[in-house]
1. Looking at Arg123, Arg162, Arg148, which one is of a type in the set (Lys, Arg) and within 22 Å of Glu216 (Cα to Cα)?
2. Could you say which residue among Lys332, Lys272, Lys289, Lys321 is basic (Lys, Arg) and closer than 24 Å to Asp46 by Cα?
3. What residue, among those in region 196-245 that are polar (S, T, N, Q) and free of Cβ contacts under 8 Å to residues at least 24 places away in the same chain, is farthest from Ser286 (Cα to Cα)?
4. Can you confirm whether region 301-309 contains a residue that is without any contact (Cβ under 8 Å) to a residue 24 or more places away in the chain and either farther than 23 Å from Lys101 by Cα or over 19 Å from the mean Cα position of the chain (by Cα) (or both)?
5. Can you name every residue in region 48-79 that is out of contact with any helix residue (DSSP H, G or I) (no Cβ under 8 Å at 6 or more places or on another chain) and assigned to a loop (DSSP other than H, G, I, E, B)?
6. Pull out all pairs, ordered by first then second residue, where Cβ-Cβ is under 6 Å, the residues are six or more apart or on different chains, the first lies in region 276-290 and is within 17 Å of Leu248 (Cα to Cα), and the second is surrounded by fewer than 19 Cβ atoms within 10 Å (Cβ to Cβ) and among the basic types (Lys, Arg).
7. Read through the list (1) in a helix (DSSP H, G or I); (2) surrounded by fewer than 17 Cβ atoms within 10 Å (Cβ to Cβ); (3) in contact (Cβ under 8 Å) with a residue 40 or more places away in the chain, then give the number of the only condition that Thr12 fails.
Amino acid sequence: MKMHMDFEKKLTIPMEAKKLYPLDEKSEAIVERRDREIKAIFRGEDERLILIIGPCSADREDSVMDYITRLREVQEKVKEKIYIIPRIYTNKPRTTGSGYKGMLHQPDPTQKPDMFKGIVAIRSLHLRALRETEFSCADEMLYPENHRYLDDILAYVAVGARSVEDQQHRLVSSGVGIPVGMKNPTGGDLTVMMNSITAAQHKHTFLYRGWQAHSEGNPYAHAILRGYMNKHLESLPNYHYEDLVHLLELYAQGEYANPSCIIDTNHANSGKNPFEQIRIAKEVMSSRKYNPEIKKLVKGFMIESYIEDGCQKIDGGVYGKSITDPCLGWEKTERLILDLAELA
C-alpha cells in the first residue's frame, strides 16, 4: 500500500553532524567531569542539590545563551550547595500534535520546519553553552532516535509523561550513560513510572537506528514527580510529604540502584502557574529537612524559568519570554536559587 507521506530529503546522520560540529578536547573534559559530579550526587556521595532549570523550550539562541550566562554567575555564588544543570529543551511534545515543536523542527519559530537546520541549531547551541559557560545541559528525549545527535554533550535526559510507557524510550534509556529522569504519566499512575525505571536499569538487546543494539542498563534512571490530571482534567500535585513517603515505599518494594527523585515544580504540580514553583520548592525542602530518608531520595528540582515572567505567542516579540509554557522570570529565579542554597 502506498504511504501517504512525502520523503522530502534525507538528513545527515549523527556521526556526520558530530564531524561537522565536533566536541573539542577541553569541552570533552568538562562533560566528563560534570558527568562524574552529577552521578556522585545521584549515588548520595555528594549532598548538593541539583537544579535542572531553564526555559520551557529553547526558542532562540541569543536569549537562551543570555539566560545560561546569568545562571553561570549565580552558580558561582551557590556552588557549595547547588549544582545547576541548565535546560536546553530542543524538542517539545505537543498534546494534539499542533503548535511549536521545538528548535529541532523550527530553528526559527516564525518560519516553516527545516530539520537539517534544526540539527545544526541544536548541536551548535549545546556546544556554545558548553564552551562559553562550561555547562553541559539537559534535554528531553522526545524522539529516542534523535538522542545520538547530542549524546556526547548532554548531562541529563528526561523522558516525558506521555513517553514514559513507550518501550523504545525505556530501552534506549537503559543504554544512555547519564542520568535519565522518568516522569510519572499524566494520569498519575506511579507504577508506570516505576516499571519504566526498572526497565531502564536492566540490560536489553533491541533494534535501534537500524542496528541490533545491546545495553548494560542505566543505574541512574530515576523518578520525576510532575503532578497529574484527574478524570475531570483538574491538576493535582504529587510533591507533598505523603507523596514522597509513598515513593520511598515503592522503591523499597523493588531492587533499584540509587533510588532517587527529582521534583518537577511546574506542570500539573503547579497547575502551570509558574509562580507556584517557589512555594513548591520550599515545601519540598521542608520535607527533606524533616525526614532524612526523603532528603536522600529527593536530589533536586526541575524548574521552568526564563528571563521574563509568563509566556507569549510565537510572534509576541518579547525577548526572553517563553513561547510555550509560562516560566518564572529571572529576578524571581535568582532569588529562589539563593534561598534554596540557604535551605540546603
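1. Details: Arg123 fails: within 22 Å of Glu216 (Cα to Cα); Arg162 fails: within 22 Å of Glu216 (Cα to Cα).
Going through Arg123, Arg162, Arg148 in turn, just one is of a type in the set (Lys, Arg) and within 22 Å of Glu216 (Cα to Cα): Arg148.
2. Numbers: Lys332 fails: closer than 24 Å to Asp46 by Cα; Lys272 fails: closer than 24 Å to Asp46 by Cα; Lys321 fails: closer than 24 Å to Asp46 by Cα.
When all the criteria are applied, what remains is Lys289.
3. Checking each candidate, the answer is Gln212.
4. Among the residues of region 301-309, at least one is without any contact (Cβ under 8 Å) to a residue 24 or more places away in the chain and either farther than 23 Å from Lys101 by Cα or over 19 Å from the mean Cα position of the chain (by Cα) (or both), which makes the answer yes.
5. From region 48-79, those out of contact with any helix residue (DSSP H, G or I) (no Cβ under 8 Å at 6 or more places or on another chain) are 52, 56-57, 59-60, 62-63, 66, 73, 75-76, 79; that's our starting set.
Matches in region 48-79: Cys56, Ser57, Asp59, Arg60, Lys79.
6. These pairs meet every condition: Arg288/Lys295.
7. Here Thr12 clears every test but (1).
Conditions tested, residue by residue: (1) touching a helix residue (DSSP H, G or I) at 6+ places or on another chain (Cβ under 8 Å); (2) within 26 Å of Tyr21 (Cβ to Cβ).
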position: Ser136; (1), (2): yes, yes
position: Glu140; (1), (2): no, yes
position: Asp151; (1), (2): yes, yes
position: Ala155; (1), (2): yes, yes
position: Ser174; (1), (2): yes, no
position: Val180; (1), (2): yes, yes
position: Lys183; (1), (2): yes, no
position: Asp189; (1), (2): no, no
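Coordinate-derived values only; no laboratory data. Note that the structure is a prediction, hence the values are computed from the model and not measured. In this analysis, Cβ positions are derived from the backbone assuming ideal geometry, glycine residues included, and neighbour counts consider all displayed protein chains.
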